[in-house]
Amino acid sequence: MNLGWLRKYFTRMTAFDKLKDNWFLLAIAIVISLADLAPFIGAKGGPLRPEITVKYCAVSFIFFNSGLSLKTEDLRTALFNVRLHVFIQGFTLICVPCLVWVLVHFLLMTPVDEWLLKGLQVVGCMPPPVSSAVILTKAAGGNEAGAIFNSAFGSFLGIVVTPVLLLVFMGSSSSVPFSSIFTQLSMTVVVPLLVGQVVRHFIKEWLERTKPPFGTLGKAVLLLIIYSTFCDTFSNTALHIDHYSLCAMVFIVFVLQVCLISFTFFVSQVQYFGFTPSDTVAIMFCSTHKSLTLGIPMLKIVFAGYEHLSLISIPLLVYHPTQILLGGVLVSRVKQWMQTAEKQRLSSPSLPK
């Protein structure tokens with residue numbers, strides 16, 4: 001009896017299953033291609049109106065979604081995980097700027113454009129984002145509550161700390177409209193999160209019974225953010241610089257992120273810190289991501305009137321989509337590692353519970 005057709009059927013089914021498991025990566029490739037075809041649609045001022053739909057609606061939905069899906073007791077526990085918060089904020093706003101400063105001084109000896117390198121230093125001083133790190137942590141099954149707290153707290157902290165860091169490393173200073181940025185963050189992060197928690201209180205039983213696909217919804221919103229980001233990137237005229245410097249900056253940003261993620265992955269597993277595998281996942285994404293939403297407005301304020309402002313902005317425009325793409329690629333592998341490490345931790349009495 002010829003069973004070749006049966007083997008082919010199961011082979012196709014396996015390939016389909018693999019495609020289904022990695023639909024997010026395929027979707028990322030599709031939205032980037034669409035952004036390249038017609039960047040004006042999702043660019044600022046375009047028909048999609050990302051300055052409203054992404055900046056306010058998408059980010060607000062992400063945190064409402066998190067507030068709705070998060071158990072209140074988990075969020076309460078995360079607030080008191082001081083060691084985790086200190087590690088993430090210290091690495092993001094102290095270690096990364098210093099490491100980038102050393103890297104930039106080394107790269108100044110190369111032919112890479114000097115203003116692009118200064119832009120790389122600016123990236124190092126930026127606060128964490130308020131959306132991508134949370135979504136990726138949730139997708140990988142990490143400490144979502146810890147990621148939410150540190151993304152929100154880091155963004156608020158960055159409003160004050162980032163201008164100071166820019167003054168120290170770049171010699172630039174300016175008055176920053178703290179009140180308006182605080183208001184914006186409160187309305188798009190804190191309020192939706194609290195509303196989600198209140199709504200959860202009333203429909204908790206229904207949520208536990210039906211288990212809505214919160215993770216899939218979060219990824220769908222992240223695709224919108226990716227699309228808008230690449231539309232802005234592809235439509236930005238400042239990207240027309242010498243190809244060597246631009247390609248070199250893309251490579252440098254990619255290698256830098258890989259090194260930062262690898263470093264936080266290994267250091268956070270040192271037993272002294274007492275972090276769980278789910279904490280490590282939150283640390284990997286929250287400590288290494290930088291905010292484009294807060295970064296671009298801050299650049300326009302702090303470097304107002306600078307002739308090379310567009311060049312300084314390019315590394316941040318490169319860093320933001322790279323961190324999302326790299327995170328999307330790593331999610332499945334990180335999730336597998338975390339599940340294995342969690343089982344080992346629970347079965348070993350010597351490891352922190």
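List of remarks:
- Mean Cβ neighbour count within 10 Å, used as a protection proxy, ranking 332-338, 151-157 highest first: 151-157, 332-338
- Counted residue by residue at 0.36 nm each, then reduced by the alpha carbon distance between them, the extension gain from Cys98 to Arg209 reaches 35.1 nm.
- Computed from the C-beta positions of Leu194 and Arg83 and an R0 of 25 Å, the FRET efficiency is 0.50 to the nearest 0.05.
- In this rough spin-label picture, where each label sits 7 Å from Cα along the Cβ direction, the Phe266-Ile41 distance is 4.4 nm.
- Using a Förster distance of 25 Å, the FRET efficiency for Leu157-Trp337 (Cβ separation, nearest 0.05): 0.30
- Here the Karplus curve 6.51 cos²θ - 1.76 cosθ + 1.60, taken at θ = phi - 60°, turns the phi angles of region 32-48 into couplings of 5, 5, 5, 5, 5, 5, 9, x, 5, 5, x, 6, 4, x, x, x, 6 Hz, with x standing for Gly and Pro.
- Spin-label model, Cys57 to Leu108: label points 7 Å out along the Cα-to-beta-carbon direction sit 4.6 nm apart.
- Residue pairs exceeding 23 angstrom between C-alpha atoms, taken from Lys219/Lys343; Lys55/Lys138; Lys71/Lys138; Lys138/Lys290: Lys219/Lys343.
- Centroid-to-centroid, using Cα positions, region 73-121 and region 321-339 are 19 Å apart.
Rule-based calculations on the coordinates, nothing more; no lab input. Just so it is clear, the model here is predicted, and its values are computed rather than measured. Cβ coordinates were reconstructed from backbone atoms using ideal geometry, including for glycine residues, and neighbour counts include every protein chain displayed.
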